[in-house]
Amino acid sequence: MSSEVNDLEHTLFAFIESSDEAYALFNDQDLLEYCNVAFARLFNAECDFLAGFSFRRLAERCYDTRQGIHIESDDLEGWLRYAQELRRTRQFRSYEVEISGGRWFLFSEQIDKQGRMLVRARDLTAQKQLEGRINHANQKLRHMAMTDELTHVSNYRGFFEAAEAEANRCWRTGAPMTLMLLDMDHFKKVNDNYGYPVGDAILRRIAEMTRDALREYDVFGRIAGEEFAIFLSQANDKVGMQIAGRLIESIADMVFTGPEDGDPEVRVTASIGLCIGECDTPFEQLFKQAEVALQQAKDQGRNRVEVFHMKKN
């Protein structure tokens with residue numbers, strides 16, 4: 001029987017020695033007693049060289065040589081304290097580790113009753129690369145779902161999601177916020193008289209001009225055919241009126257021409273409805289009030305800015 005056990009142990013040991021998966025055994029003092037070639041290769045070293053290394057010494061070698069475990073920290077002692085807080089806290093633990101060269105491994109640790117720790121690591125690089133490609137594809141699809149195809153700014157869904165997130169941030173910080181709705185005046189006549197290619201070119205140029213005029217963290221989107229929305233966080237009535245006024249003037253000053261030589265010049269105007277809210281103003285209320293102001297701008301002759309005046313309690 002003992003001969004069979006010895007044969008089995010020899011077979012298992014030979015398997016571990018030649019395995020592509022990394023194996024190591026630490027004693028109860030956290031010193032490396034054994035590792036196979038695959039484990040030593042993770043640290044760009046030989047098995048005999050690593051024998052007797054503590055976990056701390058292994059980490060210090062990785063940090064100094066930039067080989068082995070990727071320690072993304074300028075504070076090695078802080079990283080070691082954090083790692084030691086997790087190490088040996090459970091009988092079994094698994095976690096992903098980045099290795100130098102952009103490889104990823106799934107490490108598992110299992111502790112026996114004598115305090116010895118068996119470490120196993122298997123290569124996850126292919127899975128991580130596939131995961132990265134899937135995440136990139138999902139991000140691209142999400143971006144497409146949130147972006148207006150014609151103007152390449154946010155569409156209705158993208159604008160509302162981003163604007164509501166900014167409104168929540170204003171609520172947390174106590175900052176005022178401004179919402180403006182910009183609608184092109186009599187734009188159906190432009191499409192009827194000059195064709196949709198000209199109308200599309202005008203919308204693209206206006207979207208580009210508006211985006212360039214805003215701050216990096218402002219939210220801008222095309223929410224309907226010729227209607228745009230702009231959300232300004234941390235913007236009071238003075239800032240909102242200044243931006244809206246500049247946009248109205250810039251659009252009125254633009255001169256467009258058709259795609260063919262000899263096409264007449266085209267000029268357009270826009271109307272803007274503006275609402276300034278306190279930090280606790282619900283976004284839905286802000287939008288409805290901006291719609292009221294936009295309708296007032298149209299009723300007052302268009303090519304102008306109107307502000308919704310809230311009733312004070």
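The values are calculated or read from the model by the stated rules, or taken from the named source; none is laboratory data. Computed from a predicted structure; not experimentally measured. Cβ placement follows ideal geometry from the backbone for every residue including glycine, while neighbour counts extend to all protein chains displayed. These accessible areas exclude ligands, DNA and RNA; they are computed on the full protein's heavy atoms, side chains included. Shrake-Rupley method; radii C 1.70, N 1.55, O 1.52, S 1.80 Å.
So that you can scan it fast, the table gives a plain yes or no per residue for (1) within 19 Å of L106 (Cα to Cα); (2) loosely packed, with under 12 Cβ neighbours inside 10 Å; (3) touching a residue at least 60 places away in the same chain (Cβ under 8 Å):
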| residue | (1), (2), (3) |
| --- | --- |
| F43 | yes, no, no |
| A51 | no, no, no |
| F55 | yes, no, no |
| D74 | no, yes, no |
| E77 | no, yes, no |
| R81 | no, yes, no |
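Checked against the criterion of being open to solvent by 40 Å² or more (accessible area, probe 1.4 Å) and within 18 Å of A244 (Cβ to Cβ), the range 164-181 has at least one qualifying residue.
If a residue has to be among the basic types (K, R) and in contact with a Gly (Cβ under 9 Å, 6 or more places away or on another chain) to count, how many in the range 39-67 make the cut?
Step one: list which residues in the range 39-67 are among the basic types (K, R), which gives 41, 56-57, 61, 66.
Narrowing the set further to residues that are in contact with a Gly (Cβ under 9 Å, 6 or more places away or on another chain) leaves 61.
Counting residues in the range 39-67 that are among the basic types (K, R) and in contact with a Gly (Cβ under 9 Å, 6 or more places away or on another chain) gives 1.
Being under 30 Å from the mean Cα position of the chain (by Cα) and open to solvent by 10 Å² or more (accessible area, probe 1.4 Å): is that true of P197 here?
Working: under 30 Å from the mean Cα position of the chain (by Cα): no; open to solvent by 10 Å² or more (accessible area, probe 1.4 Å): yes.
So P197 does not fit the description; no.
Within the range 1-20, can one find any residue that is surrounded by 14 or more Cβ atoms within 10 Å (Cβ to Cβ) and over 15 Å from A121 (Cβ atoms)? Explain how you work it out, then say what you get.
Residues of the range 1-20 that are surrounded by 14 or more Cβ atoms within 10 Å (Cβ to Cβ), as a first pass: 16, 19.
Next cut, over 15 Å from A121 (Cβ atoms) only: none.
There is no residue in the range 1-20 that is surrounded by 14 or more Cβ atoms within 10 Å (Cβ to Cβ) and over 15 Å from A121 (Cβ atoms).
Taking strands (runs of 3 or more DSSP E) as the structural unit, those lying wholly within the range 147-245 and holding at least 3 residues that are within 23 Å of V255 (Cβ to Cβ) and not basic (K, R) correspond to 177-184. If you go through the range 240-259 and pick out every residue that is over 16 Å from D185 (Cβ atoms) and either touching a Gly at 6+ places or on another chain (Cβ under 7 Å) or modelled with pLDDT under 90 (or both), you end up with 4. Being modelled with pLDDT under 90, open to solvent by 50 Å² or more (accessible area, probe 1.4 Å) and within 21 Å of T210 (Cβ to Cβ) is true of D237.
Exactly one residue out of R120, R142 is surrounded by 11 or more Cβ atoms within 10 Å (Cβ to Cβ), modelled with pLDDT of 95 or more and of a type in the set (D, E, K, R), and it is R120.
Working only within the range 177-217, note down all residues that are among the charged types (D, E, K, R) and more than 27 Å from D237 (Cα to Cα). Talk me through it step by step, then tell me what you get.
From the range 177-217, those among the charged types (D, E, K, R) are 183, 185, 188-189, 192, 200, 204-205, 208, 211-212, 215-216; that's our starting set.
K188, K189, D192, D200, R204 - these are the residues of the range 177-217 that are among the charged types (D, E, K, R) and more than 27 Å from D237 (Cα to Cα).
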